[in-house]
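What follows is a short report on a single structure.
No lab work stands behind these numbers, since they all come straight from the coordinates. All figures in this text were calculated on a predicted structure; none of them were measured in a lab. Positions of Cβ are generated from backbone atoms using ideal geometry, with glycine treated the same way; all protein chains shown enter the neighbour counts.
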Amino acid sequence: MTELFIKNMVCNRCSMVVRQELLNIGLEPIAIELGMASVAGEISPALRKKLVNNLAVVGFELLDNAKSKLLDQIKTVIIQRIHHSGPLEMTVNWSQLISSELNHEYKYLSSLFSSVEGMTIAHYIILQKIERVKELLSYQERSLTEIAYQLGYSSVQHLSLQFKKTTGQTPSQYASSEMMKEQRNPLDSI
C-alpha cells in the first residue's frame, strides 16, 4: 500500500476527482480522505510522474516533502472542521485540536505554518470562517444570528466586525451586493 498526500483536496467532490484520476492511470484506490489517498501496491516512477501531471491538470498537487504534507494536513483539519462539520463550539481550542489531530506540538506547527504561508494559523482560521459566512449568506437560508452561532462566534457583532475587517463590507452589505457570488474565494486559494 502507498499513501499519497495531495494538496488542494478541500471537499468531497475533490475526493471523487482524485479517485477518478487514480483509476484513469490504473491505480487501485483503497481509501480517499481530504488531503490523502491510499492505493494498493507501489507506484513506479513513471506512473508517479503521470499522476503528478494528471493531478496538476485538475488543480491538485502531489506532495513529497514532509513539511508540505504537514502544512496541507493543518489546512485540511481547519477546512474539515469549519466547512464540513456541525456547529463549532465557541470555545474551540484550535491549538489543541490541530496538535492532537497531527501528533505534533502546536508551537512547531504554528511556526512552520507562519514561515511558509506568511500568516498565522489563527488568521487562516478567520479567513476560512469568513468564506463559510459568505457561502451561508449566499444561500439566504439562515439569519446572521444563526450563522454566528454555527461558526462559534460569541455574538453577531463579533462576526460582523471580523467580516468587515476582512472583506471591507458588513455582512448585510455583502448579502445585498450584486457581485456576492463573485466575491467568494476558492478554499484552496486562501
Can you find a residue in the range 69-92 that is touching a Phe, Trp or Tyr at 6+ places or on another chain (Cβ under 9 Å) and farther than 25 Å from residue 132 by Cα? no
When residue 67 is evaluated against the numbered criteria (1) within 23 Å of residue 108 (Cβ to Cβ); (2) within 14 Å of the chain's Cα centre (by Cα), which criterion, by number, is the only one it fails? (2)
Quick check: anything in the range 15-31 of a type outside the set (A, V, I, L, M), closer than 23 Å to residue 112 by Cβ and crowded, with 18+ Cβ neighbours inside 10 Å? no
Test: residue 61 is in contact with a strand residue (DSSP E or B) (Cβ under 9 Å, 6 or more places away or on another chain), in contact (Cβ under 8 Å) with a residue 24 or more places away in the chain and surrounded by fewer than 19 Cβ atoms within 10 Å (Cβ to Cβ): yes
Limited to the range 138-167, what total is found for residues that are among the small types (Gly, Ala, Ser), without any contact (Cβ under 8 Å) to a residue 60 or more places away in the chain and surrounded by fewer than 14 Cβ atoms within 10 Å (Cβ to Cβ)? 2
By residue number, the members of the range 138-166 that are among the aliphatic types (A, V, I, L, M) and not in a helix (DSSP H, G or I) are 151
